[in-house]
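Let me begin by presenting the structure, written as structure tokens, before commenting on it.
The values are calculated or read from the model by the stated rules, or taken from the named source; none is laboratory data. None of the values given here were measured: they were computed from a predicted structure. Neighbour counts are summed over all protein chains in view; Cβ atoms, including those assigned to glycine, are modelled from backbone coordinates with ideal geometry. Surface areas here come from the heavy atoms of the whole protein model, side chains and all, with no ligands, DNA or RNA. Shrake-Rupley method; radii C 1.70, N 1.55, O 1.52, S 1.80 Å.
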Amino acid sequence: MSTLDKSDVEKIAFLARLGIDEQDIPEYATNLSNILDLVEQLNSADTDEVKPMAHPLDSVQRLRTDVVTEVNDRENLQANAPEVEAGLFLVPRVVE
Amino acid sequence: MHKKTIAELITGLNAGEFSSVELTQTYLDRINSLDEKLNSFITVTPELALEQAKQADEQRAAGKAGILNGIPLAQKDIFCTKGVKTSCGSKMLDPFISPYNATAIEKFNDSGAVMLGKTNMDEFAMGSSNETSWYGPVKNPWSLDAVPGGSSGGSAAAVAARLTPAATGTDTGGSIRQPASFCGITGLKPTYGRVSRYGMIAFASSLDQAGPMTRTAEDAAIMLNVMAGMDPRDSTSVDEAVPDYTASLNDTMEGLKIGLPKEYFAEGLDDSVARVVEAAVKEYEKMGAVVSEISLPNSKLAVPTYYIIAPSECSSNLSRMDGVRFGHRCEDPKDLNDLYIRSRGEGFGAEVKRRILIGTYALSEGFYDAYYVKAQKTRRLISNDFNRAFEKVDVIMGPAAPSTAFDIGELTDDPITMYLSDIYTIAVNLAGLPGMSIPAGFVNNRPVGLQLIGKHFAESKLLNIAHKYQQQTDWHTKAPELFS
């Protein structure tokens, strides 16, 4: 049984930088605990000799030649940014 | 015109019976007058559609018509479309105008297809009922009280209601096949890596795959001819030759070996759905197929395996939504953490948050081996089950979903039961196999889908098997009364 409490949910939410409303935390704790209970079933499977499967066809990462393929398209790409100035993305001050 | 399949529309366009502009206008008018009942589109693009239709008509006149020249299509709002809002069903991306096209969209454009608009979907494709969309739920054209399934619910509803001849979907755990089943249309999830994922907003990168949602298997074959192929821009795209998927549609069913997994006809399956599926299998026996019972012993591990792998990959993929480079940003952030936390908190809905939390937990220090690596191992057990089964049979058949479409609001308070509605589809994604759902009948006027599962890259075979059934039955021709 994996039961997550309020402080677990707060900790995970901070790791994910994900704001959740205080009033919703108990419900998330219940939901997440239920999902983890469902996942407990995996422990019934003997996987000691099984290799983890990352790609359904067991393909390996393809490499390409190291040449420039994309053109600089900054203005177009930054058109979606909430705040830009002089070609830079703006965020709140990080270094005092 | 709206009653015709893609194959029939191509014949009509070739014969000059109507132009693409006329055809496109017909569908735009239907969307305009009927979609308020369904909410199947997030964005309709009439100017772009008519411009593309005009160009298609000119290309046809010049003898330069591509495969889908002049055919209107709807694109799931998960595909990046240049200059058009690409929201992925989320408030987070409501302000996002894609600066580029997904490879699938480029391929449709190159083939001369016309885009009618972008279809509604569960937020970031996370859901089985289309109720997690920030743009509101989609209604099922067969019963406006019912969900259309999800996550490609808008695409399924739009095709079923004849608001478009066909649409695209994406399928991470059943998101093409389950809504196809609920809406009574044909849906194909190809082999993992068959269709490029470039520009298709990622949910779970080792599971996501795009495919066609159509009225007939023949139309799905035509669509896949355009969509399939290796793409250097998708590192998991597979370099495997693309056959002409229409070439083998009429191959015989004589001697076809069908396996019915006993685990798919066990507890949890609605009796009336089971009877429809059994009747469909009987049709194949009449055509000369040989049916046997098989076992996929690790089936019960599929849902728990999926609910580690998919949320883990989603928590990583969705970390790019940070309020800095694109998407929603909160008002007056006081520092960088506040910017991230509030932008993401405001931009994402409850189901997306649940999955990010689960994934973050599963990947966090001390838990990675117990959850993610364990799930990757059980994933292989599930995949091995299929490999063993395909030593004995050519195709696996069963239900696409355990029930017909449920009512809107019926399962929203019960995420786990909602997850179990994908119980028969999830294993196929974990194993990377191609799967289809085709209309096989009705229970209380709600459609039932027959699921077909094939070996890797056996799309031609699945389309052939589906097409032969559609030559013998007329379930796929049925239209919902309000939209006939």
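Can you confirm whether residue B:154 is buried (at least 24 other Cβ atoms within 10 Å of the Cβ), more than 26 Å from residue B:56 (Cβ to Cβ) and not acidic (Asp, Glu)? For residue B:154, the condition - buried (at least 24 other Cβ atoms within 10 Å of the Cβ), more than 26 Å from residue B:56 (Cβ to Cβ) and not acidic (Asp, Glu) - is not met. Residues of region B:149-165 that are farther than 18 Å from residue B:219 by Cβ and in contact with a Phe, Trp or Tyr (Cβ under 6 Å, 6 or more places away or on another chain): B:149 alone. Which pairs turn up if I take residues in region A:9-36 that are within 20 Å of residue B:343 (Cβ to Cβ) and look for partners that are among the basic types (Lys, Arg) with beta carbon separation below 7 Å, at least 6 apart in sequence or on another chain? Close Cβ pairs (under 7 Å, with a partner that is among the basic types (Lys, Arg)) amount to A:17/B:344; A:18/B:344; A:18/B:353; A:19/B:342; A:19/B:344; A:20/B:353; A:25/A:6; A:28/B:354. Against the list (1) closer than 20 Å to residue B:290 by Cα; (2) touching a Gly at 6+ places or on another chain (Cβ under 7 Å); (3) open to solvent by 10 Å² or more (accessible area, probe 1.4 Å), the condition residue B:423 fails is (1).
When region A:1-35 is filtered for residues that are facing chain B (nearest Cβ under 8 Å), buried (at least 19 other Cβ atoms within 10 Å of the Cβ) and part of a helix (DSSP H, G or I), the ones remaining, listed by number, are A:9, A:12, A:13, A:28, A:31, A:32, A:35.
From B:56, B:61, grab the single residue that is at pLDDT 95 or above, farther than 17 Å from residue B:213 by Cβ and surrounded by fewer than 20 Cβ atoms within 10 Å (Cβ to Cβ). Exactly one residue qualifies, and that residue is B:61.
Can you go through B:82, B:37, B:91 and tell me which one is more than 19 Å from residue B:187 (Cβ to Cβ), in contact with a Pro (Cβ under 7 Å, 6 or more places away or on another chain) and either polar (S, T, N, Q) or surrounded by fewer than 24 Cβ atoms within 10 Å (Cβ to Cβ) (or both)? Give the derivation first.
Values: B:37 fails: in contact with a Pro (Cβ under 7 Å, 6 or more places away or on another chain); B:91 fails: in contact with a Pro (Cβ under 7 Å, 6 or more places away or on another chain).
Answer to the selection: B:82.
When region B:42-53 is filtered for residues that are surrounded by 16 or more Cβ atoms within 10 Å (Cβ to Cβ) and either over 14 Å from residue B:27 (Cβ atoms) or hydroxyl-bearing (Ser, Thr, Tyr) (or both), the ones remaining, listed by number, are B:42, B:43, B:45. Among the numbered conditions (1) surrounded by fewer than 24 Cβ atoms within 10 Å (Cβ to Cβ); (2) in a loop (DSSP other than H, G, I, E, B); (3) in contact (Cβ under 8 Å) with a residue 24 or more places away in the chain, the only one that residue B:193 does not meet is (1).
Total residues in region A:55-78 satisfying the condition of being more than 9 Å from every other protein chain (Cβ to nearest Cβ) and not hydrophobic (A, V, I, L, M, F, W, C): the figure is 7. Tallying residues that are assigned to a loop (DSSP other than H, G, I, E, B) and surrounded by 15 or more Cβ atoms within 10 Å (Cβ to Cβ) within region B:269-296 yields 5.
Taken over region B:122-138, the residue count meeting the criterion of being buried (at least 24 other Cβ atoms within 10 Å of the Cβ) and on the phi < 0 side of the Ramachandran plot is 8. Residues in region B:219-235 that are within 14 Å of another protein chain (Cβ to nearest Cβ) and either out of contact with any Lys or Arg (no Cβ under 7 Å at 6 or more places or on another chain) or open to solvent by 60 Å² or more (accessible area, probe 1.4 Å) (or both): B:230, B:231, B:232, B:233. All conditions in (1) in contact with an Asp or Glu (Cβ under 6 Å, 6 or more places away or on another chain); (2) within 14 Å of chain A (Cβ to nearest Cβ); (3) farther than 17 Å from residue B:423 by Cα hold for residue B:201, with the sole exception of (1).
Pick from region A:79-96 the residues that are within 8 Å of chain B (Cβ to nearest Cβ) and of a type in the set (A, V, I, L, M, F, W, C): which of them is surrounded by the fewest Cβ atoms within 10 Å (Cβ to Cβ)? Among residues in region A:79-96 that are within 8 Å of chain B (Cβ to nearest Cβ) and of a type in the set (A, V, I, L, M, F, W, C), the one surrounded by the fewest Cβ atoms within 10 Å (Cβ to Cβ) is A:94.
Restricting attention to region B:334-374, report how many residues are of a type in the set (D, E, K, R), surrounded by fewer than 19 Cβ atoms within 10 Å (Cβ to Cβ), at the interface with chain A (Cβ under 9 Å from one of its Cβ atoms) and more than 28 Å from the chain's Cα centre (by Cα).
From region B:334-374, those of a type in the set (D, E, K, R) are B:334-335, B:338, B:342, B:344, B:346, B:351, B:353-355, B:365, B:369, B:374; that's our starting set.
Next cut, surrounded by fewer than 19 Cβ atoms within 10 Å (Cβ to Cβ) only: B:334-335, B:338, B:346, B:365, B:369.
If we keep only those that are at the interface with chain A (Cβ under 9 Å from one of its Cβ atoms) too, we end up with B:334-335, B:338, B:346.
Retained after the next criterion (residues that are more than 28 Å from the chain's Cα centre (by Cα)): B:334-335, B:338.
The qualifying residues number 3.
For region B:94-112, residues that are assigned to a loop (DSSP other than H, G, I, E, B), open to solvent by 10 Å² or more (accessible area, probe 1.4 Å) and among the aliphatic types (A, V, I, L, M) total 0. Within region B:300-332, the set of residues being among the polar types (S, T, N, Q) and either crowded, with 20+ Cβ neighbours inside 10 Å or facing chain A (nearest Cβ under 10 Å) (or both) comprises B:305, B:312, B:315, B:319.
Scanning region B:320-377 for residues that are over 17 Å from residue B:94 (Cβ atoms) and part of a loop (DSSP other than H, G, I, E, B) gives B:332, B:333, B:334, B:335, B:364, B:365, B:366, B:367.
Go over the candidates B:430, B:462 one by one and state the one that is out of contact with any helix residue (DSSP H, G or I) (no Cβ under 6 Å at 6 or more places or on another chain), part of a helix (DSSP H, G or I), at pLDDT 95 or above and among the hydrophobic types (A, V, I, L, M, F, W, C).
Working: B:430 fails: out of contact with any helix residue (DSSP H, G or I) (no Cβ under 6 Å at 6 or more places or on another chain).
Just a single option satisfies the conditions, and that option is B:462.
Taken over region A:40-54, residues that are facing another protein chain (nearest Cβ under 7 Å), open to solvent by 10 Å² or more (accessible area, probe 1.4 Å) and in a helix (DSSP H, G or I) amount to 1.
Return yes or no: is residue B:65 over 26 Å from residue B:176 (Cβ atoms), touching a helix residue (DSSP H, G or I) at 6+ places or on another chain (Cβ under 8 Å), of a type in the set (A, V, I, L, M, F, W, C) and outside any helix (DSSP H, G or I)? If you could, list the steps in order and put the result at the bottom.
Working: over 26 Å from residue B:176 (Cβ atoms): yes; touching a helix residue (DSSP H, G or I) at 6+ places or on another chain (Cβ under 8 Å): yes; of a type in the set (A, V, I, L, M, F, W, C): yes; outside any helix (DSSP H, G or I): yes.
The answer is yes for residue B:65.
The combined condition, being over 10 Å from the mean Cα position of the chain (by Cα) and assigned to a helix (DSSP H, G or I), is not fulfilled by residue B:180.
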